[in-house]
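Reading through the structure tokens given below for one structure.
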Amino acid sequence: MTNSFPSSVAAIDLGSNSFHMIVCKLEDGKLRTIDRLKEMVRLASGLDDNKNLNAETQQKALACLQRFGQRIDNFPAGSVRIVGTNTLRTAKNSQEFIAKAEKALGHPIDIIAGIEEARLIYQGVANSLGSNADSRFVMDIGGGSTEYIIGIDDVAHTKESLHMGCVTVSNKFFPDGAISKKAFKKAVLFCQQKLEPYQRIFNSHRWDEAIGASGSIRCIHKVLIATQWSNNGITQEGLDKLVSHITQCDHIDELDLPELSDERLPVFLGGVAVLYATFKKLNIDQMTVSDGALREGLVSDLLGRIYDHDIRSKTVETLAEHYHTDHEHSDRINQTVENILNQLDSSCFTQNDRKNITQFLNWAVCLHGIGRDIAHSQYHKHSAYIIENGDLAGFSRQDQHLLATLVQTHRKSFHYHGLKNYQNLGIMMLGI
């Protein structure tokens with residue numbers, strides 16, 4: 001365990017529709033939320049035909065992040081977790097934007113895969129909403145993707161991330177806010193087709209309780225309650241009445257629904273289409289709504305790292321066992337690594353940097369031989385490929401690339417791998 005703990009922690013979710021930040025006070029290992037910030041940036045709407053973020057959207061996003069950055073300006077390294085989701089996974093020029101965003105925030109940004117996003121969402125819901133259900137189904141409608149998860153207690157067992165969200169569906173089927181029965185039917189069919197391969201996996205007979213997260217679902221819930229179309233969460237009957245009302249209008253300006261803000265209005269139809277299609281396809285009758293989501297999951301994950309219960313270590317252990325690595329050999333190498341690090345001047349690195357370096361080297365040692373299960377020849381390349389392309393719980397894309405680089409470059413000459421790989425290690429490990 002580290003010698004000192006931050007007094008406050010923060011988590012930021014750079015979503016495809018909204019940017020969210022939560023700030024929590026850390027007292028004796030317990031959290032108290034002291035601040036929440038949210039701005040609708042609609043990052044997904046800024047993707048052009050070539051999948052590049054346009055300059056206008058980048059400028060709007062960076063202005064938001066500069067405001068967020070002022071709030072966490074004095075937070076020490078390791079006390080803030082920031083992740084980018086679907087749009088930053090998709091954008092070809094995301095690295096250019098991330099460099100500017102990290103400068104505005106003063107902390108590193110992780111790009112997470114859809115499956116890791118689903119895991120964190122479930123973690124946030126599980127920690128925010130008490131439930132007696134044996135098995136939970138959780139869905140979260142984002143701007144560019146929708147996550148579906150089945151879990152028990154605080155562990156997510158089945159996870160999927162589908163490329164449909166409130167922004168992308170609204171832009172595709174309801175351009176400029178135009179509404180028609182035909183367009184809404186097409187939008188629902190599009191969502192159902194996306195969900196078709198997973199219908200059996202997530203069907204209602206496989207879980208006991210349905211829970212919805214995200215701003216879109218919370219907004220739909222508020223509308224249904226305010227109109228008295230539902231009085232117990234979100235129901236199929238209530239959604240039928242909402243869809244009937246929507247398809248009688250010709251434009252979103254005619255919706256005139258209570259609790260539907262002007263800010264949410266442009267992406268409301270897309271969110272309704274995704275939720276309606278999900279209810280129909282998975283035979284859902286009723287859904288509870290949770291305030292917890294990705295950012296709460298990020299805080300929970302961050303606490304694990306602070307208190308040395310890092311999910312990444314468990315992931316590495318499981319992967320090493322799966323690929324039958326030599327534990328005794330790994331232990332000997334890790335002892336050598338520890339001896340080398342102990343001989344370094346303590347002024348070379350901060351405590352946080354030293355912890356990061358030690359973790360990644362230890363993980364690399366544990367996993368460097370997993371490729372032998374595929375082939376002995378060039379096994380280091382197979383090991384690196386598995387690490388870089390696997391769904392590794394707790395790891396961001398940058399984490400996996402760093403770990404894969406360490407593993408692949410543990411053998412052969414420096415010239416064989418090229419100097420650039422080694423220069424990148426300092427950037428990825430220490431941000432230098």
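The values are calculated or read from the model by the stated rules, or taken from the named source; none is laboratory data. The structure displayed is predicted, hence computed values, not measured ones. Backbone-built Cβ (ideal geometry, glycine too); neighbour counts: all protein chains shown.
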Among the numbered criteria (1) at pLDDT below 95; (2) acidic (D, E); (3) closer than 24 Å to L120 by Cα, which one does D176 miss? (3)
Taking the range 38-52 only, how many residues are closer than 21 Å to G69 by Cα and assigned to a strand (DSSP E or B)? 3
So which residues in the range 191-208 are under 25 Å from N171 (Cβ atoms) and touching a residue at least 12 places away in the same chain (Cβ under 8 Å), if there are any at all? C191, Q192, K194, L195, E196, Y198
Is it the case that G177 is at positive phi and in contact (Cβ under 8 Å) with a residue 40 or more places away in the chain? yes
Among the numbered conditions (1) over 20 Å from P108 (Cβ atoms); (2) part of a helix (DSSP H, G or I), tell me where L344 comes up short. (2)
Scope the range 383-401; condition outside any loop (DSSP other than H, G, I, E, B) and either closer than 19 Å to H157 by Cβ or not polar (S, T, N, Q) (or both); matching residues: A384, Y385, I386, I387, E388, R397, D399, H401
Return a yes/no flag: does the range 17-37 have any residue that is at pLDDT 90 or above and in a loop (DSSP other than H, G, I, E, B). yes
Restricting attention to the range 195-224, report how many residues are more than 25 Å from K38 (Cβ to Cβ), surrounded by fewer than 18 Cβ atoms within 10 Å (Cβ to Cβ), of a type outside the set (D, E) and out of contact with any helix residue (DSSP H, G or I) (no Cβ under 7 Å at 6 or more places or on another chain). 6
Flagged in the range 178-218 as within 19 Å of S244 (Cβ to Cβ), part of a helix (DSSP H, G or I) and more than 21 Å from the chain's Cα centre (by Cα), in numbering order, are K181, K182, A183, F184, K185, K186, A187, V188, L189, Q192
All conditions in (1) assigned to a helix (DSSP H, G or I); (2) buried (at least 17 other Cβ atoms within 10 Å of the Cβ) are true of T336 except (2)
Taking the condition of being surrounded by 11 or more Cβ atoms within 10 Å (Cβ to Cβ) and over 18 Å from the mean Cα position of the chain (by Cα), how many residues in the range 38-54 meet it? 8
Wholly within the range 69-137, helices (runs of 4 or more DSSP H) carrying at least 3 residues that are without any contact (Cβ under 8 Å) to a residue 40 or more places away in the chain and under 19 Å from Q59 (Cα atoms): 94-105
Among the helices (runs of 4 or more DSSP H) lying completely within the range 225-331, list those that include at least 3 residues that are among the charged types (D, E, K, R) and either surrounded by fewer than 19 Cβ atoms within 10 Å (Cβ to Cβ) or in contact (Cβ under 8 Å) with a residue 24 or more places away in the chain (or both). 236-246, 294-306, 311-322
Which of the residues spanning the range 365-382 are surrounded by fewer than 17 Cβ atoms within 10 Å (Cβ to Cβ) and either in contact with a Lys or Arg (Cβ under 6 Å, 6 or more places away or on another chain) or part of a loop (DSSP other than H, G, I, E, B) (or both)? I374, A375, H376, S377, Q378
Is it the case that the range 11-20 has a residue that's within 27 Å of R354 (Cα to Cα), surrounded by fewer than 22 Cβ atoms within 10 Å (Cβ to Cβ), in contact (Cβ under 8 Å) with a residue 12 or more places away in the chain and not assigned by TED's automatic domain parsing to the domain that holds S214? no
Only one of (1) in the same structural domain as G270 (by TED's automatic domain parsing); (2) under 13 Å from the mean Cα position of the chain (by Cα) is not met by E117, so which one is it? (1)
So which residues in the range 83-121 are among the β-branched types (V, I, T) and either touching a Phe, Trp or Tyr at 6+ places or on another chain (Cβ under 8 Å) or under 27 Å from D49 (Cα atoms) (or both)? V83, T85, T87, T90, I98, I109, I111, I112, I115
